Structures are given as structure tokens and as C-alpha cells.
Amino acid sequence: MPIRTVVRCCFVLAALSLCHSARLAPAQETTGERVFFNAKVFTADPMAPYASAVVVRGDKIIAVGTLPEVLKSASAAAERVDLQGRTLFPGFIDSHSHSVDGGLGLISADVSDKVQSIDQLPPFVAEAKSSGKGMMGDILEVDGMPLEFWSHTDDLNTRFSTGPYQDQPVFLRGMDGHTGWANVALLKRAGITPAFLKGLSADARHYYGVGKDFQPNGFLVDFGVEKVTVLLPKPGDDKLLAAGRAALQYNYSLGITAWLDPLADPYVLRTYKLLADHGELTSQIAAFPRVLSKEPTAELAEVQKIRETYKDVPNLHVTGIKIFADGVVEFPSQTANLTQPYRNTGHNGELLFDPQKFAELCIAADKAGLIIHVHAIGDGAVKAALDGIAAARKANGNSGLPDTITHEQFIDPPDFPRFSELGVISALQLLWAEASPDTIELVKPYLAPEIYKWQYPARSVLDNGGIISGASDWPVSSANVFRAIYQAETRKARRGSSMHPRICRDWPCSMPTPGIPR
């Protein structure tokens, strides 16, 4: 194999295998020279995808090939690192990661992978309160709740609205980032009362759990969550810096050295700047502020101000915008927008933008050189997002910008080829494509069968010429690249149940439908 010289490399090199991971420091951390050898080096060169050695000098890859070949480009003083047959990858890029929020979760009270049942929840919450880890001012917040908990609001109220929690505001945040539950004390503080709920329109009331006589049961989704979270105190710089450092370490431990942060709120941007000010922002970050598509001209002007403010922050790039097309599909939320109504309500969910305004936004953003990144779960939202980007292509021609739709839990089959035709990237979280309550019990009974059978249809997007970018949506789920690859290839749940990936092109094939809860 001929030796290959490679241009400037800005990413971490991580030596990884499925059963072992060895973290190497980001290349920018050293100005020295290292020779990695006895490795299976993935080069990303289709003509010669693997090598056995590589030379790194400072932040540049100098040579790739066999050990005798690369030593010709190395100095005699270069450190030699024997990787003992393990695989060496360039740094991974996560195309949808809320890393600052993930870092805050790592240093706060988060039940992810620790609590599987409501019976296990009370001791975790009690510890979060006593240790102070879950305290946000005087509000007790615990993150990462399994979504099936929202079907048991009576149980949650019994445990967390009485006794020691009668006067203690408690907020339990769902693992999806869209849902949550507030106890009676917090609902009262937020003004979520029977009178408030009775005064809402039927559509607005859908963002709150409503019981008999308009009594709130504590469940919240999207706008309902926002009404409570505005009461939470903002983290200070010390906490943001600690969260940023935790996020960097977590990503590095998985070989992730660059990511798109798709909800660059002020505290998120502040965190990255704090890291940069301390000389610690060694990852490449694309940060996309959120827009609402209500006043496109004014909103994009604000984004341009943000770009100007952060243009000199090393490794931080404000290059696009984020917009929500809909919410989430799981019961009882059901805010994802579908082409056919939910079977239990007769509603299609809500499209969060006006299609004409969204088309105006896409045309203007494309002209301004801003990438469009759309959250779309339901097949109706995916269709509407593609329509808006199509308007930009028609008005401006092909700008070459990698506009992206993320999540796409459901896609209407006629829209499969449109990803390729419009040059739209599909940022899929393929770790989610497993048999679990979140994809079966909380979804299947409520959807039209012809929609449900196209859940996470990655193969169909690829077969129609589309491009898929790997995305984790951390901290919604693990950012572990290999777990996502395994799930994408096998469609087999961690607990053993399989979605029969070789029988059907996508999944979940034919499965018995549970009865619809009333």
C-alpha cells in the first residue's frame, strides 16, 4: 500500500473495539509527534479503506500506511504507541447532540438507565433532594424519566404530591426532552389550575394532563413543559463550565470529537464560550439557534446577530437554524403531526409552523447561507419540512447546503425519494429502532397500520438515494456510536426481542396490536 499524506486533521483519534475503548487526547492538546502502529486503521478512503499505522504531528495526520512506510515521515523522537491490533478511527461526528444538556444531566440528578419502574423512583428522588444534586433553587428536578411513567399520573401524585413533597415543588423531566410531570405544589406555582385549563382552547389544553372537572394531573408536554421550566433558575457559569467539561469528556470517551448542537439557546452558547475562554473547547461545534417561523425576517436577523457575537470563538460555528415541525408521538403526548389521525383522538397532531411562513423562512435562510435543520417525528411533519425546503430549491436553485431533517420516526413512502431529489440529509437516531414500550405499546395501538409499518425506515431512504447521518440526540439516549450501528444492522432489542430485520425491509413487520387504552 502506498503511503498517503493527509491534510490537517482537527479531530480526536480514538482506538476502539466493541469490547474495549482506549481514549487518546485530542490532537490539539499536544504539539508532539506520535506513531500509532499494529492497528487496523480506518482511513475512510474507498480505494484503500484500511492501513496498519499512522503518524500524527500536533493537529495533523502526516502519513498513513504500513509501519515501515510511515516511519519514513516520522522523526526519530516520535513516540510510538502499540495499539495491539485494535481499530483506529478518525474522530466521529454526531449530527444531532444536545451536549450541554447532556453535561448538565451528568452532574445533576438523572435516572437514565438507573430506574426502570415507579417503585424504584422514590428512593432516587429522596437522594436527589438530600444530596442537593436535584435541587434547582427550591425546586426538586429529576431528569431522564421513562415515558411509560406518564400513564401512571395517579401513582406519581400519591408518591410526590403528599407527605414530604406536599409543599416541595417537584418536576420530573421525560427522557425525550418534550414531556414532564409536575406535582401539585409546582403546578400551583406555575398557575396551572382548573380555571387556567378551563380557559384554554381544546388544542392548547392538549399540552396538559387534564382530569375530572379540569383538575390537572401533572402531565405536561411541549408548551406545558415550558410553562413550568421558566420557573427553574438558570445555572451559573461555574455549573455551565462543569457541565461543558463533563460533556467533552463523555464525547471523547466515545471517540466523538465534533457535533451539531441543534438547540443553541443562550446558556448553550455561553457554555461553549466559557470552555473556549479556558482553552478547553477542542471539539468542533456547529451550533444552531432555534427559530419559530412566525416572523422569518426578524428571526433570521437575530440569528445573524448571534453569528456575529460568536464569530471569533475558536471551534464554535453558528452556521444554521433549528425549527420544530411537531412534537412526539408516544401516548399520552401525541403531538407529532401525522397524515392520518390518531385512532384514539381523531386528531392528526399539530404542525408547529404555518407552511407558507416556513417556505419563506427556508428561502431566506438558504439565501443567507444558513443550514436548515428540522425536527420532524410524524410523517405529516416530514412532508411539510420537505415542502418548505423544496420551495427554497425552486426559488434559489441548489445552494449545496446540507439541509437536514432529524428523527423521522415515520415517513410517508412517496416522500422517500424526495430526500435525494432535494439534497436533504436524514439525521436518524437508529439506536431508537428497537422493540420497546416507546415503539410498540405507547405507539402502535394509536396509529393507522399503514403509518406504523414505516417506523424508522432507514433502508427505504437509502434505497431511494438518500444520505443518512448518524445522530444520537444525547442525552435523550446514549451517544455510543457502536450501539447505534448494532441496532441499525440487527434491529434487535437489548433485551433479546428482534424486529425480524431480514424478513421485512424496514420494521416492525407484522405484530399483534394491543387494545387501545381508554
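Does the stretch 401-426 hold any residues that are among the small types (G, A, S) and either part of a helix (DSSP H, G or I) or at pLDDT below 95 (or both), and which are they?
S420 - this is the single residue of the stretch 401-426 that is among the small types (G, A, S) and either part of a helix (DSSP H, G or I) or at pLDDT below 95 (or both).
Within the stretch 417-447, how many residues turn out to be in contact with a Ser or Thr (Cβ under 7 Å, 6 or more places away or on another chain) and over 23 Å from E489 (Cα atoms)? Final tally of qualifying residues: 1. Only a single criterion out of (1) over 30 Å from A39 (Cβ atoms); (2) at pLDDT 95 or above is not satisfied by G177, namely (2). Looking at V230, V221, can you tell me which residue is aliphatic (A, V, I, L, M), in contact with a His (Cβ under 8 Å, 6 or more places away or on another chain) and modelled with pLDDT of 95 or more? Only one candidate passes the filter, namely V221. Filtering the stretch 68-85 to residues that are surrounded by fewer than 18 Cβ atoms within 10 Å (Cβ to Cβ) and on the phi < 0 side of the Ramachandran plot leaves P68, K72, S73, S75, A76, A77, E79, R80, D82.
For the stretch 351-370, what are the residues that are touching a residue at least 40 places away in the same chain (Cβ under 8 Å) and touching a Ser or Thr at 6+ places or on another chain (Cβ under 6 Å)? F353, K357, F358, L361 - these are the residues of the stretch 351-370 that are touching a residue at least 40 places away in the same chain (Cβ under 8 Å) and touching a Ser or Thr at 6+ places or on another chain (Cβ under 6 Å).
For the stretch 107-119, what are the residues that are within 26 Å of the chain's Cα centre (by Cα) and either in a helix (DSSP H, G or I) or hydrophobic (A, V, I, L, M, F, W, C) (or both)? Residues satisfying the conditions are I107, A109, V111, V115, I118. The residues on offer are A242, A195, A182, and the sole one that is closer than 19 Å to S99 by Cβ and at pLDDT 95 or above is A242. Counting only strands (runs of 3 or more DSSP E) wholly contained in the stretch 244-360, the ones carrying 2 or more residues that are closer than 23 Å to G180 by Cβ occupy 320-324.
When the strands (runs of 3 or more DSSP E) confined to the stretch 64-106 are screened for residues that are touching a Gly at 6+ places or on another chain (Cβ under 8 Å), those reaching at least 3 such residues are found at 92-94. Taken over the stretch 257-281, the residue count meeting the criterion of being more than 25 Å from F324 (Cβ to Cβ) and free of Cβ contacts under 8 Å to residues at least 24 places away in the same chain is 2. Among the residues of the stretch 427-446, those identified as among the hydrophobic types (A, V, I, L, M, F, W, C) and either farther than 22 Å from D387 by Cβ or modelled with pLDDT under 95 (or both) are L430, L431, W432, A433, A435, I440, L442, V443. The residues listed here are V56, V100, V81, V70; of these, the one that is among the β-branched types (V, I, T) and within 30 Å of R270 (Cβ to Cβ) is V100. For D222, work out the one condition from (1) surrounded by 16 or more Cβ atoms within 10 Å (Cβ to Cβ); (2) over 28 Å from the mean Cα position of the chain (by Cα); (3) on the phi > 0 side of the Ramachandran plot; (4) not aromatic (F, W, Y) it doesn't fulfil. Of (1) surrounded by 16 or more Cβ atoms within 10 Å (Cβ to Cβ); (2) over 28 Å from the mean Cα position of the chain (by Cα); (3) on the phi > 0 side of the Ramachandran plot; (4) not aromatic (F, W, Y), only one is false for D222: (2).
Do we have any residue at all in the stretch 300-313 that's crowded, with 16+ Cβ neighbours inside 10 Å, in contact with a Lys or Arg (Cβ under 8 Å, 6 or more places away or on another chain) and assigned by TED's automatic domain parsing to the domain that holds D412? For the stretch 300-313, residues crowded, with 16+ Cβ neighbours inside 10 Å, in contact with a Lys or Arg (Cβ under 8 Å, 6 or more places away or on another chain) and assigned by TED's automatic domain parsing to the domain that holds D412: present. Filter the stretch 105-150 for residues that are touching a residue at least 60 places away in the same chain (Cβ under 8 Å) and of a type in the set (V, I, T); which is farthest from L220 (Cα to Cα)? The extreme case among them is I107. In the stretch 459-475, of all residues being out of contact with any strand residue (DSSP E or B) (no Cβ under 9 Å at 6 or more places or on another chain) and assigned to a loop (DSSP other than H, G, I, E, B), the one that is surrounded by the most Cβ atoms within 10 Å (Cβ to Cβ) corresponds to N464. The lone criterion from (1) on the phi < 0 side of the Ramachandran plot; (2) in a strand (DSSP E or B) left unmet by S130 is number (2).
The values are calculated or read from the model by the stated rules, or taken from the named source; none is laboratory data. Being a predicted model, the structure only gives us computed values, none of them experimental. A quick note on method: Cβ atoms are made from the backbone with ideal geometry, for glycine too, and the neighbour counts reach across all protein chains shown.
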